[in-house]
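Participant: One structure, as structure tokens, below. Some questions next.
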Amino acid sequence: MILTLIQHDDCELCDEAWALLSAAGVRDFDSLWIDGDPVLQARYGARVPVLRRYDSGEELDWPFDGEVVRRFISTPLP
């Protein structure tokens, strides 16, 4: 499964999300930086960090913890 952590530069919450993903055993994810992209900033600016599943397009908004992340990535597609 491909996961993307949507974030922006100099974001303390994004750093926390990155560390949480690592601690939860999620080490394989991409980063999508929204800085400099007005469309992405309009969509995600107030929501970052956001974890997105590529396979379903589902998104998990902050705050989340390790258990919530594990459930999010283990939920089968409908």
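Participant: Among the residues of segment 41-67, write down those that are hydrophobic (A, V, I, L, M, F, W, C), modelled with pLDDT of 95 or more and farther than 13 Å from Leu5 by Cα.
Facilitator: First, the residues of segment 41-67 that are hydrophobic (A, V, I, L, M, F, W, C): 42, 46, 48, 50-51, 60, 62, 64.
Of the ones still in play, those that are also modelled with pLDDT of 95 or more are 42, 48, 50-51, 60, 62, 64.
Across segment 41-67, the qualifying residue is only Ala42.
Participant: In addition: Any chance you could count how many residues in segment 28-61 are crowded, with 16+ Cβ neighbours inside 10 Å and in a loop (DSSP other than H, G, I, E, B)?
Facilitator: Summing the residues that are crowded, with 16+ Cβ neighbours inside 10 Å and in a loop (DSSP other than H, G, I, E, B) in segment 28-61 gives 4.
Participant: If Phe64 meets every condition in (1) touching a helix residue (DSSP H, G or I) at 6+ places or on another chain (Cβ under 7 Å); (2) touching a residue at least 40 places away in the same chain (Cβ under 8 Å) apart from one, which number is that one?
Facilitator: Phe64 satisfies all of (1) touching a helix residue (DSSP H, G or I) at 6+ places or on another chain (Cβ under 7 Å); (2) touching a residue at least 40 places away in the same chain (Cβ under 8 Å) except (1).
Participant: Please verify whether Arg71 is touching a strand residue (DSSP E or B) at 6+ places or on another chain (Cβ under 7 Å) and not hydrophobic (A, V, I, L, M, F, W, C), treating the condition exactly as stated.
Facilitator: Numbers: touching a strand residue (DSSP E or B) at 6+ places or on another chain (Cβ under 7 Å): no; not hydrophobic (A, V, I, L, M, F, W, C): yes.
When the stated conditions are applied, Arg71 does not pass them.
The values are calculated or read from the model by the stated rules, or taken from the named source; none is laboratory data. Please read all numbers here as calculations on a predicted model, not as lab measurements. Counting neighbours? That spans all protein chains shown, and the Cβs are built from the backbone with ideal geometry, glycine included.
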